[in-house]
Amino acid sequence: SVLMTYDHVEITFSDIEPMPEAFKGTKKGSVFLTPYRVIFVSKGKDAMQSFVMPFYLLKDCEIKQPVFGANYIKGTVKAEAGGM
């Protein structure tokens, strides 16, 4: 079941070596929050159609509230063994 949906979301990946082409740049789309994971779905024709982040793989999450800018969440997602 989907608990919440957010549109007009941007996601950016960093600290990936080597950076695959599909992860480069800022991606725009929607986020769906479920009881077990966060699902990002890209808007338009992007090399990365979707990205799934199970809660048990999220680490070091911080909520940032800059004075001059949009609020955002920053954290680390570990790759799942055997995941694609």
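The values are calculated or read from the model by the stated rules, or taken from the named source; none is laboratory data. Not measured: the values here are computed from a predicted model. Please note: Cβ atoms are built from the backbone with ideal geometry, for glycine as well, and neighbour counts cover all protein chains shown. When the accessible area is computed, the model is the full protein with side chains, heavy atoms only, and any ligands, DNA or RNA have been set aside. Shrake-Rupley method; radii C 1.70, N 1.55, O 1.52, S 1.80 Å.
Here are some notes:
- Some residue of segment 71-83 being surrounded by 14 or more Cβ atoms within 10 Å (Cβ to Cβ) and either part of a loop (DSSP other than H, G, I, E, B) or in contact with a helix residue (DSSP H, G or I) (Cβ under 6 Å, 6 or more places away or on another chain) (or both): yes
- Summed over segment 48-67, the residues that are assigned to a loop (DSSP other than H, G, I, E, B) and at pLDDT 90 or above give a count of 4.
- Residue within segment 12-26 that is acidic (Asp, Glu), modelled with pLDDT of 90 or more and closer than 17 Å to Gly75 by Cα present: no
- Within segment 2-47, the set of residues being touching a strand residue (DSSP E or B) at 6+ places or on another chain (Cβ under 7 Å), open to solvent by 70 Å² or more (accessible area, probe 1.4 Å), under 21 Å from Ala70 (Cβ atoms) and not in a strand (DSSP E or B) comprises Lys43 only.
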